[in-house]
Amino acid sequence: MTIYISGKISGIEKKARRKFKRVQKHLEKKGFKVINPFDIGDKLTIPESWTDRQKWQCYMRDDLSVMLSSADSLYLLNNWKDSEGAKEECRIAVLCGIEIFKEGEL
């Protein structure tokens, strides 16, 4: 099963990167193939001239594309409700019938 990690990133990028990596390792030890949105974003080339909103939108487009095309399930971190992007990922997962797990369930 391929699982996509979702949680708050904006405003806490360094802390979030460490958290997402810890969760990724935990899920991989359980046998899941894991999609970490930081791995997606790290491959993007985003113009410095873009506003923060434009950058966020670019990250969301790529993250959602990968989630929808590759993930069987969504793993919501405890802080997901504090994130506009994570709430949208959850809403779209529900709409598309993608199984959802909350942090601590796996």
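The values are calculated or read from the model by the stated rules, or taken from the named source; none is laboratory data. From a predicted model like this one, the values you see are computed outputs, not experimental measurements. In this analysis, Cβ positions are derived from the backbone assuming ideal geometry, glycine residues included, and neighbour counts consider all displayed protein chains.
Could you give me the residue pairs with C-beta distances under 6 Å whose first residue belongs to the range 87-99 and is over 11 Å from residue 76 (Cβ atoms), whose second residue is not acidic (Asp, Glu) wherever it lies, and which are 6+ apart or on separate chains?
What qualifies is 98/74; 99/73.
Residue pairs, Cβ under 9 Å, 6 or more apart or interchain, first in the range 40-53 and closer than 17 Å to residue 4 by Cβ, second of a type in the set (S, T, N, Q) and not in a loop (DSSP other than H, G, I, E, B). List them.
Hits for this filter: 40/65.
Which residue out of 81, 43, 55 is out of contact with any strand residue (DSSP E or B) (no Cβ under 9 Å at 6 or more places or on another chain) and modelled with pLDDT of 95 or more?
The match here is 81.
For residue 70, which of the numbered conditions (1) within 12 Å of the chain's Cα centre (by Cα); (2) among the polar types (S, T, N, Q); (3) under 23 Å from residue 22 (Cα atoms) fails to hold?
(1)
Could you please give the count of residues in the range 36-45 that are crowded, with 16+ Cβ neighbours inside 10 Å and not small (Gly, Ala, Ser)?
So the count comes out to 4.
Go over the candidates 19, 33, 8 one by one and state the one that is in contact with a helix residue (DSSP H, G or I) (Cβ under 6 Å, 6 or more places away or on another chain), surrounded by 12 or more Cβ atoms within 10 Å (Cβ to Cβ), under 22 Å from residue 106 (Cβ atoms) and basic (Lys, Arg).
8
Inside the range 78-89, can you point out the residues that are in contact with a helix residue (DSSP H, G or I) (Cβ under 7 Å, 6 or more places away or on another chain) and surrounded by 19 or more Cβ atoms within 10 Å (Cβ to Cβ)?
Across the range 78-89, the qualifying residues are 80, 85, 86, 89.
Quick one: in the range 2-38, of everything that is part of a loop (DSSP other than H, G, I, E, B) and in contact with a strand residue (DSSP E or B) (Cβ under 6 Å, 6 or more places away or on another chain), which residue is nearest to residue 53 (Cα to Cα)? Before you say what the answer is, go through the steps one by one.
So the first thing to find is which residues in the range 2-38 are part of a loop (DSSP other than H, G, I, E, B), and the list is 7-12, 30-32, 36.
Add one more test, that the residue is in contact with a strand residue (DSSP E or B) (Cβ under 6 Å, 6 or more places away or on another chain), and what stays is 32, 36.
Values: 32: 32, 36: 21 Å.
The selected residue is 36.
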